[in-house]
Amino acid sequence: METKDKKEPFEASEVQIAEWKKKHGDVFAIESEDGKKRCYVRTPNRKELGAASTIMQSQDLVKYQEFLLNNIWLAGDEEMRNEDDYFFGCCAQLGEVCKVKEAKIKKL
């Protein structure tokens, strides 16, 4: 007989995700490579990115990532924030979360 010793990752309901989207706009699920952990984050706003860039000026990438992740965190497995292996895997995806729409300039 096979025993199930793997804990399922956190999963938000469709209703909760819809509420987050209504309140915050884009919402993202970040899942660990091993599939054991998941978290949900939103796109950061200007104020949060501005504060994060101040931290980045100190050239402390980890503090920058911690600040950003903690400020855009909606819910999920706390190990994604607290255990180094999961944290760094999660932070590797922050660039995708922070992507902005491109703009074009047109000379008139």
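The values are calculated or read from the model by the stated rules, or taken from the named source; none is laboratory data. Note that the structure is predicted; figures quoted are calculated from it, not measured. When we count neighbours, we look across all protein chains shown, and the Cβ atoms used for this are built from the backbone with ideal geometry, even at glycine.
Observations on the model:
- Any hit, segment 12-21, residues being more than 11 Å from ILE72 (Cβ to Cβ), surrounded by 14 or more Cβ atoms within 10 Å (Cβ to Cβ) and of a type in the set (Val, Ile, Thr): yes
- Which listed residue, of LYS37, LYS63, LYS107, is under 21 Å from GLU11 (Cα atoms) and of a type outside the set (Gly, Ala, Ser): LYS37
- Search result, residues across segment 55-83 that are assigned to a loop (DSSP other than H, G, I, E, B) and touching a residue at least 60 places away in the same chain (Cβ under 8 Å): ASP77
- Tally, over segment 84-104, of residues that are within 11 Å of SER32 (Cα to Cα) and in a loop (DSSP other than H, G, I, E, B): 2
- Scanning segment 93-108 for residues that are more than 23 Å from GLN16 (Cβ to Cβ) and of a type in the set (A, V, I, L, M) yields a total of 4.
- Look at (1) β-branched (Val, Ile, Thr); (2) out of contact with any strand residue (DSSP E or B) (no Cβ under 9 Å at 6 or more places or on another chain); (3) surrounded by 11 or more Cβ atoms within 10 Å (Cβ to Cβ) and you find that ILE105 fails only one, number (3).
- Selection from segment 28-57 of residues that are in contact with a strand residue (DSSP E or B) (Cβ under 6 Å, 6 or more places away or on another chain) and of a type in the set (Lys, Arg): ARG38, ARG42
- Within segment 39-92, if we keep just the residues that are buried (at least 16 other Cβ atoms within 10 Å of the Cβ), modelled with pLDDT of 90 or more and aromatic (Phe, Trp, Tyr), the residue that is nearest to LYS21 (Cα to Cα) turns out to be TYR40.
- Of all the residues in segment 8-46, those that are within 15 Å of the chain's Cα centre (by Cα), part of a helix (DSSP H, G or I) and without any contact (Cβ under 8 Å) to a residue 24 or more places away in the chain number 2.
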